[in-house]
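Accompanying notes for the structure given below.
Coordinate-derived values only; no laboratory data. It should be emphasised that the depicted structure is a prediction, and the values quoted were computed from it without experimental measurement. Cβ sites come from the backbone with ideal geometry, for glycine too, and all protein chains shown count toward neighbours.
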Amino acid sequence: MRTDSNNDTLNNTDQVKRIAIGADHGSYDSKELLKTYLQALGYKVVDVGTSNSTTKVDYPDFAVAVAKKVVSGECDRGIMLDAAGIGSSMVCNKVHGIRAALCWSLKTIVNSREHNNANVLTMGTAQHTADELCSMAKLWLETRFEGGRHWPRINKMMAIERSV
């Protein structure tokens, strides 16, 4: 499991190569499109499902699978899609070591990475076009954590997770 410490070395070593991706049945088509787009950019994409848009499934099953791929170190970051992105964010954040961010704009994308060092991105596919989903995911994967003044806040966040 990869852990973050109170230093700025992550800025230089935060090279994203492997991405876990998941979606429920309603977001399957968006997942497939985003997966193809990310692979074309050179990322190794680990698809945790779902495998079609017709069989109804529960997003928590796929959200936890994405989160587990990230905390295990098998994947550097994760992306989870559902209609609104809210439920998936809640589920991912139940997994120890995950800092999932529900993002809906370029500003929230950048903030989630630069300030909060989010390691899972959740997005609502009913809120965005395919082009928006792709550009937001690309920006999120390319945005680096600033470290510095943000480390104490990240450490407090993670200390809460360990103590509750």
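Quick rundown of the values:
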item	result
The chain - charge dipole about Cα centre, Lys and Arg +1 at Cβ, Asp and Glu -1, debye rounded to 20	440
Flagged links, alpha-carbon separation over 27 Å, of 68/156; 44/94; 17/56; 31/156; 31/68; 44/156	17/56; 31/156; 44/156
Separation between Cα centres of the stretch 47-64 and the stretch 110-164, rounded to whole Å	22
Max mean-square fluctuation residue, GNM over the chain, Cα-Cα springs under 10 Å, options 23, 100, 65	65
Antiparallel bridges, percent of DSSP beta bridges restricted to the stretch 16-163 (to nearest 5)	0
The stretch 92-164: GluC sites (Glu not before Pro) falling in loop per DSSP and having at most 14 other Cβ within 10 Å	none
Residue order, fewest to most surrounding Cβ atoms within 10 angstrom, among 164, 91, 48, 66	164, 48, 91, 66
Expected 222 nm ellipticity per residue - DSSP helices of 4 or more, -39500 (n - 2.57), all of the chain, to 500	-13000 deg cm²/dmol
Separation of the residue 149 and residue 111 label points, Cα + 7 Å toward Cβ, nm	1.5
For the chain, built as a Gaussian network whose Cα springs stay under 10 Å, the top-fluctuating residue of 73, 26, 87	73
Net charge over other residues, Cβ less than 12 angstrom from the Cβ of residue 115 (K, R count +1; D, E count -1)	+4
Å³ per residue enclosed by the Cα convex hull of the chain	96
Among 36, 122, 50, residue whose mean-square fluctuation peaks in a GNM of the chain (springs only between Cα atoms under 10 Å)	36
Percent RCO, i.e. relative contact order, over the chain, from Cα pairs under 8 Å lying at least 6 residues apart	25
Farthest toward positive dipole pole in the chain [+1 Lys/Arg, -1 Asp/Glu at C-beta], among 129, 105, 141	141
Relative contact order of the stretch 78-141, defined on C-alpha pairs under 8 angstrom at six or more residues apart (%)	42
